[in-house]
Amino acid sequence: VRGATDAGSVATWTASGLLGVHNGSIGASGGSGGSCIVGGTLIDGSQPINFSDCAGLAISQPAIAGKNWIKCTTDVANLQFRVGLDGAVTGASFTSPAADYAEWFEGLEPLPVGGCVVIGDGGLIRLYDSRYDRLDDIMGVVRPRKTRDCLIGNAAEHNWAGMYLKDEFGDPVYENWTDPADGSVHRVLAVNPAYEASLPYLPRSARPEWNLIGLLGQVPILNGQPQNPRWRAMRPISDHVTLVYIR
């Protein structure tokens, strides 16, 4: 992987695990053993950004509580951004050209893009039906599977959603794990006994029964669709699609 500007190469990460920055002083190597970013400085034109306290850019690491893949701070040790081993990403702010929030919902079949949906029996989504549903039952609009929404929730793209144990409110369950290398004990996410690592996994975005639903923000909708009274039409996008603000 190589990052570049008009002036030339800025950073590279090779398949062997070597990470190098050509306009700064950060570097790490380790090949198949997994690299660690250990102290380095990049200059963004206004202030230095320090990369430190990383567990490593390895293929696999236990989800140790409080440890990070990446941690970025300013020169006054003010934490700006981090990616934890448990998958949590924390930053000061996030900017995106996309304008809506969406979530994956399970249904019985793939639904047409731009259609309005309600929650049906068993919590499964379906298209609005005036014979059974009220307009204020409409909760969102079907989005394209490959769309770039500002934020997508309820996704399980990398692993089975039940891979790690959680309580009834979704709070993760932890257990102690002993590092065989040095005998140190760490608090890690508890793996679900029902999880089978050998089984192939198909992400929700590739399953026909799962649909991406726009729930909030500016969302295109097919003309002629019934709408929740709270929504507001903004402008036509084409002869058959209108941009609607969902609130």
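For Gly87, indicate whether it is outside any strand (DSSP E or B), assigned by TED's automatic domain parsing to the domain that holds Trp210 and among the small types (Gly, Ala, Ser). For Gly87, the condition - outside any strand (DSSP E or B), assigned by TED's automatic domain parsing to the domain that holds Trp210 and among the small types (Gly, Ala, Ser) - is not met.
Table: residues versus (1) within 23 Å of Ala102 (Cβ to Cβ); (2) not charged (D, E, K, R).
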{"position": "Asp149", "(1), (2)": "yes, no"}
{"position": "Gly153", "(1), (2)": "yes, yes"}
{"position": "Tyr164", "(1), (2)": "no, yes"}
{"position": "Ala206", "(1), (2)": "yes, yes"}
{"position": "Ile213", "(1), (2)": "yes, yes"}
{"position": "Pro220", "(1), (2)": "yes, yes"}
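Taken across segment 185-195, residues that are touching a His at 6+ places or on another chain (Cβ under 9 Å) and at pLDDT below 95 do not occur at all.
Here Thr90 fits the description: without any contact (Cβ under 8 Å) to a residue 40 or more places away in the chain, in contact with a Leu (Cβ under 9 Å, 6 or more places away or on another chain) and either charged (D, E, K, R) or surrounded by fewer than 16 Cβ atoms within 10 Å (Cβ to Cβ) (or both). Counting only residues that are within 21 Å of Asp137 (Cα to Cα) and either outside the structural domain of Trp104 (by TED's automatic domain parsing) or in a loop (DSSP other than H, G, I, E, B) (or both), segment 210-242 holds 9 of them. Scanning segment 178-195 for residues that are assigned to a loop (DSSP other than H, G, I, E, B) and under 23 Å from the mean Cα position of the chain (by Cα) yields a total of 3.
Residue-level analysis places Phe81 outside the set of residues that are surrounded by 14 or more Cβ atoms within 10 Å (Cβ to Cβ), in contact (Cβ under 8 Å) with a residue 40 or more places away in the chain and assigned to a strand (DSSP E or B). Name the pairs whose Cβ atoms lie under 8 Å apart, with the first residue in segment 175-186 and under 12 Å from Lys67 (Cβ atoms), the second of a type in the set (Gly, Ala, Ser) and surrounded by 11 or more Cβ atoms within 10 Å (Cβ to Cβ), and 6 or more positions between them or separate chains? Close Cβ pairs (under 8 Å, with a partner that is of a type in the set (Gly, Ala, Ser) and surrounded by 11 or more Cβ atoms within 10 Å (Cβ to Cβ)) amount to His186/Ala65.
With the checklist (1) exposed (fewer than 14 other Cβ atoms within 10 Å of the Cβ); (2) of a type in the set (D, E, K, R); (3) at pLDDT 95 or above in hand, flag the one item Asp75 doesn't pass. Status for Asp75: all satisfied but (3). Looking across segment 116-159, the residues that are part of a loop (DSSP other than H, G, I, E, B), free of Cβ contacts under 8 Å to residues at least 24 places away in the same chain and buried (at least 16 other Cβ atoms within 10 Å of the Cβ) come down to Gly120, Asp133.
The values are calculated or read from the model by the stated rules, or taken from the named source; none is laboratory data. Only a predicted model underlies this, so the values are computations on that prediction, with no experimental measurement involved. Neighbour counts are summed over all protein chains in view; Cβ atoms, including those assigned to glycine, are modelled from backbone coordinates with ideal geometry.
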